[in-house]
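This report concerns only the one structure given below.
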Amino acid sequence: MKPYENAIEIDHLCKSYDGFTLDNISFCVPKGSIMGFIGQNGAGKSTTIHTILNIIKADNGKINIFGLDHLEHEYEIKEHIAAIFDALPFHDQLTAKQLNIIMRGIYREWSSETFFNYLERMQLPARKKFGQFSKGMKMKLQIAAALSHNAKLLIMDEATTGLDPVVRNEILDMFQEYLGDENNSILMSSHITSDLDRIADSVTFIHKGKLLLSGYKDDILETHAIMKCTKKEYADIDPADMISARINDFGAEVLVADRKACELKYKGLLLESTVLEELMRYYVNAEKKEWTI
């Protein structure tokens, strides 16, 4: 595989359905990093992921994975990627022992030793049918399989939804361990933004099929801030400076996208750092500008 800078490059991706359009989405996942892919239900995250995996066909746009066209080099690429979904893709009647035999015939670099080591580490039985596994066990099984064929890219679609905090933390630790190899990368769609606050290097945020933000997480969180003010002070804020404002009985909390400029312009007002969940809430309400809890 030739050298590449970005694990995924998406350029002006479009896909239309009745009542929904994925509209000119462009972003990159840098090699050796984890990108959090965020947005409400129906925002287009799964459509984007399914297009990357060529499960559905794009109407327009270009996708490169490992610097290669994802359609022209599909089979070569899929040797080195693993997709993890919220539902187990393996038949309920299978066991891990049987799955190992199947995977050995699919992936050239499948390692039975690695797979069984992960099963032992995750305390997963090799002879128990998957239909008897808990949700957490099923997710651990997918991850064990994903990490056992030398995948250089993990793509996850709401994979940690519904898992208890202990299992989620265990899985996040494994992802960080996986990224210890600078050639490995992760695209992680998740509603649990606190997980992404903890481990994501960059973030892409889409809403109603449109791209709102994409970039390094720390840069995004540093430039944005929540400005707190009284109703009188709020009346003097230029609407062009705000993404949206949460109004309460005592005043307003305003999300601004240029913290430094607002610190100079609105001296005396308190500006506080924000997190991804708050960022999402304010951007989702940007169309109506003002909202209440």
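Please identify the helices of the chain, taking whole runs of DSSP H, that span at least 15 Å along their own axis as judged from the Cα atoms and have a mean Kyte-Doolittle score of 0.0 or higher. Each step should come with its number before you reach the end.
Details: long enough: 135-146 (17 Å, 0.16); 165-178 (19 Å, -0.25).
Helices meeting the span and hydropathy rule in the chain are 135-146.
Could you work out the mean projected area of the convex hull around the alpha carbons of the chain, in square nanometres to one decimal?
Projected over every direction and averaged, the Cα hull of the chain covers 17.3 nm².
Over every pair of different alpha-carbon atoms in segment 18-98, take the mean of 1/r and invert it; report that Kirkwood radius in Å.
15.0
Between Ala286 and residues 5 or more places away or on another chain, which pairs have amide H atoms under 5 Å apart, with H built 1.01 Å from N, and which residues are they?
Correct list: empty.
Pairs of alpha-carbon atoms within less than 8 angstrom and 6+ residues apart define the contacts here; what relative contact order does the chain have, in percent? Show your work: numbers first, answer last.
Values: 533 pairs, mean separation 60.3, N = 293.
This gives 21 percent for the chain.
May I ask you to derive the relative contact order of segment 92-192, considering only C-alpha pairs under 8 Å and at least 6 residues apart, and to give it as an integer percent?
Result for segment 92-192 is 28 percent.
Efficiency by 1/(1 + (r/R0)^6): what FRET value for Glu72 and Glu113, r their Cβ-Cβ distance, R0 = 45 Å, to the nearest 0.05? Each step should come with its number before you reach the end.
Numbers: r = 33 Å, r/R0 = 0.74.
My answer for the efficiency is 0.85.
Just subtract the alpha-carbon distance of Glu5 and Thr95 from 0.36 nm times their residue separation and send over the number in nm, one decimal. Please report the intermediate quantities before stating the final value.
Working: separation 90, 0.36 × 90 = 32.40 nm, distance 3.82 nm.
This chain segment gains 28.6 nm when fully extended.
Calculate one ³J(HN,Hα) per residue across segment 235-246 by plugging θ = phi - 60° into the Karplus curve 6.51 cos²θ - 1.76 cosθ + 1.60, and present them in order as whole Hz with x for glycine and proline.
Residue by residue, segment 235-246 yields 4, 8, 7, 5, x, 5, 8, 10, 7, 6, 10, 9 Hz.
Calculate the translational D of segment 141-267 in whole µm² s⁻¹ from Stokes-Einstein, where the hydrodynamic radius comes from the Kirkwood formula applied to all Cα pairs, the temperature is 10 °C and the viscosity 1.306 mPa s.
91
May I ask for the net charge around Lys140, where only other residues with Cβ less than 15 Å from the Cβ of Lys140 are counted and Lys, Arg are +1 while Asp, Glu are -1? Intermediate results must be reported in sequence, preceding the final value.
Numbers: positive: Arg121, Lys128, Lys135, Lys138, Arg168; negative: Asp86, Glu120, Asp164, Glu170, Asp173, Glu177.
Computed value for this residue: -1.
Summarise the accessible area of the chain (1.4 Å probe, protein heavy atoms) by the percent that is carbon and sulfur.
Accessible surface attributable to carbon and sulfur in the chain totals 49 percent.
Measuring with a 1.4 Å probe in the full set of protein chains, what accessible area per residue, in whole Å², belongs to the chain? Walk me through the numbers on the way to the answer.
Details: 14250 Å² over 293 residues.
Accessible surface, normalised per residue, equals 49 Å².
Kindly write out, for segment 254-269 in residue order, the coupling ³J(HN,Hα) from the Karplus curve 6.51 cos²θ - 1.76 cosθ + 1.60 (θ = phi - 60°), rounded to whole Hz, with x marking Gly and Pro.
10, 8, 10, 9, 10, 4, 5, 5, 6, 5, 6, 6, 10, 4, x, 8
Can you give the local net charge around Asp181? Use residues other than it whose beta-carbon is closer than 12 angstrom to its beta-carbon, Lys and Arg +1, Asp and Glu -1. Mind showing how you got there, number by number?
Numbers: positive: Lys31, Lys152; negative: Glu177, Glu182.
Result for the neighbourhood of Asp181: 0.
The values are calculated or read from the model by the stated rules, or taken from the named source; none is laboratory data. Source: prediction; values computed, not measured. Cβ: placed from backbone, ideal geometry, glycine included. Neighbour counts: every protein chain shown. In case anyone asks, the SASA skips ligands and DNA or RNA and just uses the protein heavy atoms, side chains included. Shrake-Rupley method; radii C 1.70, N 1.55, O 1.52, S 1.80 Å.
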